[in-house]
1. What does the highest-first list of 580-588, 446-454 look like by mean Cβ count within 10 Å?
2. Could you give the distance between the Cα centres of segment 185-205 and segment 564-630, to the whole Å?
3. Determine the alpha carbon to alpha carbon distance for each of K36/K456; K456/K510; K510/K612; K194/K510 and list only those over 32 Å.
4. Tally Lys/Arg at +1 and Asp/Glu at -1 over every other residue whose Cβ is under 10 Å from the Cβ of I89; what's the total?
5. So, taking all protein chains as they sit and a 1.4 Å probe, how much accessible area belongs to I538, in Å² rounded to tens?
6. Report the local net charge at E271: Lys and Arg +1, Asp and Glu -1, summed over other residues whose C-beta lies under 15 Å from its C-beta.
7. Compute the label zone of L125 within segment 476-513: residues whose backbone N is under 20 Å from the point 7 Å along Cα-to-Cβ.
8. Under a 5 Å amide H to amide H cut-off, with H placed in plane at 1.01 Å, what residues pair with D206 once short-range neighbours are removed?
Amino acid sequence: MRKEGLSQKAYVPIEEGDAYDPFVPAGESPAEFTIKAVGLGILFGIIFGAANAYLGLRAGLTISTSIPVAVMTVAVFRALAHVGIRGSILETNISQTTGSASSSLASGVIFTLPALFMWGMPPELLQMTLLAMCGGLLGILFMIPLRRFLIEREHGKLPYPEGTACAEVLVANEIGGGRARFVFYGLAGGAFFKFLTSWIRVIPGDLHVNIPFLKKGQLGMDLSAALFGVGYILGPRIAAVMVGGGLLSWLVIIPAIAWWGDARTAPLFPETVNLIRDMQPGQIWTRYVRYIGAGAVATAGIITLIRSIPVMVSSFRIGASQLGERVASGTAAVSRTSNDLPLRVVGIGAAAIALVLILVPQVFGAVGGIGIRAVAAVCVVIFAFFFVTVASRIVGLVGVTSNPTSGMTIAALLGTASLFLLFGWTDAMGKAAALTVGCVVAIAASISGDTSQDLKTGFLLGATPRAQQTSELIGVLTSATFVCLTVLALGKGFGFGSEELPAPQATLMKLVIDGVLDQDLPWGLVAIGVGIAFACEILRIPSLPFAVGVYLPVSTMTPIFVGGLIRLWMERTAKDDTVAADRRERGVLLGSGFVGGEGLLGVGIALVAVAKSKRPDGIGTEWLGSEATAMLVGAAAFAVFIAWFFRSVRGNNA
């Protein structure tokens, strides 16, 4: 009999002796792990992996891509059905499982490896790809023995919000609906607006206005469809907190520094040339406020990590116990919906990756002999195993977007860099080795969270865990090279640390390693950031998003805030919960499309810049006359874009 949705048991804990009733019963075996499902997942994974790499380098955050990949696969399967090629809901699930792996890879890579370019030690494509593969494979392998406990036994206690939402979307499309078009509309809209601002440049890409009577006070806004979409996806609360951090930097801290430094007759460290009174607001932000923001982000990440220690210890203890149970149970027969990859795959795979890290010089690069590689490999395995256990449980409570990957990476970097300091490995090679350790750990922690969400989706739908785990491994192996190629192209086209690609997380990781091994950071500025993070905790303000707002330009935060406000208004004015949920889903799908469309065109512009050794000249905004007129036209164009988004999301629901 055709089901009309997920079981009511999908949202509540299962009573002792009872069992969850999946959408596809365990006794049925529809098509699942097929060439077309895996192939579409690989294709969409490459697309959204590239887009997420651009977004992360631009704004310091990435988004979960499971739902957009899933609905795009549904659209392709419906098109194929017209020529007699049909797809099942489990095939769609395999496609999104395969495709979503690339976004986690992109997160770990862009959070760390651009720092090597900033140090003047650019890695080769082979090294970047090997690091991405090692981190991705470790994260998935270490998650395998935890699945039965975290996903099955803790069902109803750990909601895994993105995994549950993805299952709901897939079931809704299975029983009727045409939501996929919103992703494609978003792709086209995001790419078109990026084309206007960054390719032909007929309108400016950002707005800025000086605040009267406030010394060097300035506000700005990036005209970015992707950042606007991210704001809608994050929602009003986090968006407001992030823009609050940006306003603190640009309306309080920068004017305070300008006022305090107006009478100084010598440059203030770390600036060594310009006086504060001669610096523009952007220069003050770069030379001083960025260090304050780095202290705030590092502290907030570590606080988030410390707050999670009880969960970590519990997860680690339970995970070890579960691993013992799996070993003791041997190869007893299990149902299709509980069939994981065998533990010998985990053991052999992890051992093989450790040997690759130690014996293959290209992984860690030119960092010395086998001794330092062995120490680095041990750090990788220990930190990765611990943080995979932690991350896979944390995302079950708060979701992938709240996974404190940056805090875990900072903790791994602090531990590794401190160990290297004891051994006297404080030169450039030691810094590079510490950073590559952080890269692998960041990818492992990130992808374990994504894997656990995908496995939750599979659990609710009635998928085969073994097939999903295999597709995740394939997703890592097939997307790693393309994600790294994208990062290389973006670096060559725009430059890391530039206005277009500030690479905020990688800059932060660079500061952490420099601070430990060189001990030459402006610690007074960092201490101010530490104080801001603690003040947020005291005031019960989410410290990590607020700190990210302090760390990034306010112009980046403003469109995120606008997106969050639009979502708040949409949901508050809905006539009932059903309409609100419909608006939320439409907006999230459109917003995901904006991220994909802008990101892909950004990659395209970077490739053109590499080929021509310069960015596309475009028409320019001179035809608009004055700068003020250009900004007014840009603001009007963005307002029209938002109005189109508003109308698309609102639909026929008043």
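1. Numbers: 580-588: 20.1, 446-454: 31.9.
Going from most to least packed, we get 446-454, 580-588.
2. Using only Cα atoms, the two centres lie 8 Å from each other.
3. Details: K36/K456 22 Å; K456/K510 35 Å; K510/K612 30 Å; K194/K510 30 Å.
Too far apart for the 32 Å limit: K456/K510.
4. Numbers: positive: none; negative: E32, E91, E174.
Computed value for this residue: -3.
5. Accessible area of I538: about 140 Å².
6. On the way: positive: K216, R264, R277, R287, R290; negative: D262, D278, D520.
That works out to +2.
7. Under 20 Å, as judged by backbone N against the label point of L125, lie 476-496 of segment 476-513.
8. L223
The values are calculated or read from the model by the stated rules, or taken from the named source; none is laboratory data. Note that this is a predicted model, so its numbers are computed, not measured. So basically every Cβ, Gly included, is an ideal-geometry build from the backbone, and we count neighbours across all protein chains shown. For accessibility, only protein heavy atoms count, side chains too; no ligands or nucleic acids. Shrake-Rupley method; radii C 1.70, N 1.55, O 1.52, S 1.80 Å.
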